[in-house]
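Participant: Take a look at this one; I'll ask things after.
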Amino acid sequence: MWKEPAQRISRKALTLWRIYGAIQVGVTTLLAVGLIVTVLLWNWPSWLLAIAGGIILFESLFSVWLIPSLRWKRWRYEVTDQDIELQYGIFIIRRTLVPMIRVQHVDTEQGPLLRKYKLSTISISTAATVHKIPALDEQEAEELRQSISSLARVAEEDV
């Protein structure tokens, strides 16, 4: 069995992801309201309403409660002098190892909801792709961005 990365993302990520789930459920609910209007206007079968209600209930349980909890439990990261290790996923756990020597630049991102909860996402760019560490406290994200940037410069100079 392997050793998991030591660091976790902010617990506030749970609230943020639940809000995203609630927005998703809100969109589904609007579609269900459209279905209700359609059923009433054109006398479609009423069992369609039960299916729509079941879908909303199912999506609420998964998108607002289950998925954010599982996602938060699985999200871990660790930064060492040589590499950045990421572990994430819900049902399939992915582990990514990014060598410091491959890091080209590091950014922080912050949308309106992240800003409201004083969170930031770090983007680590390599030649091949961009790796993200979501929902870190602003202070921690800034310190981590500076740290990764410094470590990447040192790794580049060592080559």
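Participant: Given an 8 Å cut-off on Cα distances and at least 6 residues of separation, report the relative contact order of segment 60-111 as a percent. Provide the component values of the computation, followed by the final result.
Facilitator: Numbers: 51 pairs, mean separation 12.5, N = 52.
It comes to 24 percent, rounded to a whole number.
Participant: Provide the gained length on full extension for the span Lys116 to Lys3, in nm with one decimal, where the gain is 0.36 nm per separating residue minus the Cα-Cα distance.
Facilitator: Numbers: separation 113, 0.36 × 113 = 40.68 nm, distance 3.38 nm.
Length gained between Lys116 and Lys3: 37.3 nm.
Participant: Taking Cα pairs under 8 Å and at least six residues apart, what relative contact order does segment 1-97 come out at, in percent? It would help to have the intermediate numbers written out before the result.
Facilitator: On the way: 99 pairs, mean separation 32.9, N = 97.
Computed value for segment 1-97: 34 percent relative contact order.
Participant: Projecting each Cα onto the charge dipole of the chain (Lys/Arg +1, Asp/Glu -1 at the beta carbon, about the Cα centre), which of Phe58, Ile9, Ala155 comes out farthest on the positive side?
Facilitator: Phe58
Participant: Compare the Cα positions of Leu86, Val103, Leu40 along the charge dipole of the chain (+1 at Cβ of Lys, Arg; -1 at Cβ of Asp, Glu; about the Cα centre) and return the one farthest towards the positive end.
Facilitator: Leu40
Participant: To the nearest 20 debye, what charge dipole does segment 1-102 have about its Cα centre, counting +1 at the Cβ of each Lys and Arg and -1 at the Cβ of each Asp and Glu?
Facilitator: Working: 12 positive and 6 negative charges, 52 e Å.
I would put it at about 240 debye.
Participant: Right, another one. Loop only per DSSP, at most 14 neighbouring Cβ atoms within 10 Å: give me the trypsin sites (Lys or Arg not before Pro) in segment 101-159, ordered by residue number. Please report the intermediate quantities before stating the final value.
Facilitator: Working: sites: Arg102, Arg115, Lys116, Lys118, Lys132, Arg145, Arg153; in loops: Lys118.
Within segment 101-159, the qualifying trypsin sites (Lys or Arg not before Pro) (loop, at most 14 other Cβ atoms within 10 Å) are Lys118.
Participant: Can you tell me the mean projection area, over all orientations, of the convex hull of the chain's alpha carbons? Units nm², please. Let's see the in-between values first.
Facilitator: On the way: hull surface 48.6 nm².
Mean orientational projected area (the chain, Cα hull): 12.2 nm².
Participant: Could you work out what % of the accessible surface of the chain is carbon and sulfur, using a 1.4 angstrom probe and leaving DNA, RNA and ligands out of the count?
Facilitator: Values: 6030 of 9900 Å².
Looking at the chain in its full context, I get 61 percent from C and S.
Participant: Report the local net charge at Val103: Lys and Arg +1, Asp and Glu -1, summed over other residues whose C-beta lies under 10 Å from its C-beta. Numbers along the way, then the final one.
Facilitator: On the way: positive: Arg102, Arg153; negative: Asp83, Glu156.
Once positives and negatives cancel, what remains is 0.
Participant: List the chymotrypsin sites (Phe, Trp or Tyr not before Pro) within segment 71-128 that DSSP assigns to loop and that have no more than 10 neighbouring Cβ atoms inside 10 Å.
Facilitator: Numbers: sites: Trp72, Trp75, Tyr77, Tyr88, Phe91, Tyr117; in loops: Trp75, Phe91, Tyr117.
Taking segment 71-128 and a limit of 10 other Cβ atoms within 10 Å, the loop chymotrypsin sites (Phe, Trp or Tyr not before Pro) found are Phe91.
Participant: Can you tell me the length gained on complete extension of the stretch Lys73 to Gln24, counting 0.36 nm per residue apart and subtracting the Cα distance? Spell out each step's value before the answer.
Facilitator: On the way: separation 49, 0.36 × 49 = 17.64 nm, distance 2.14 nm.
Extra length available between Lys73 and Gln24 comes to 15.5 nm.
The values are calculated or read from the model by the stated rules, or taken from the named source; none is laboratory data. All values derive from a computational prediction rather than experimental measurement. With ideal geometry, Cβ positions are generated from the backbone for all residues, glycine too; neighbour counts draw on all protein chains shown. All accessible areas refer to the heavy atoms of the entire protein, side chains included, with ligands and DNA or RNA removed. Shrake-Rupley method; radii C 1.70, N 1.55, O 1.52, S 1.80 Å.
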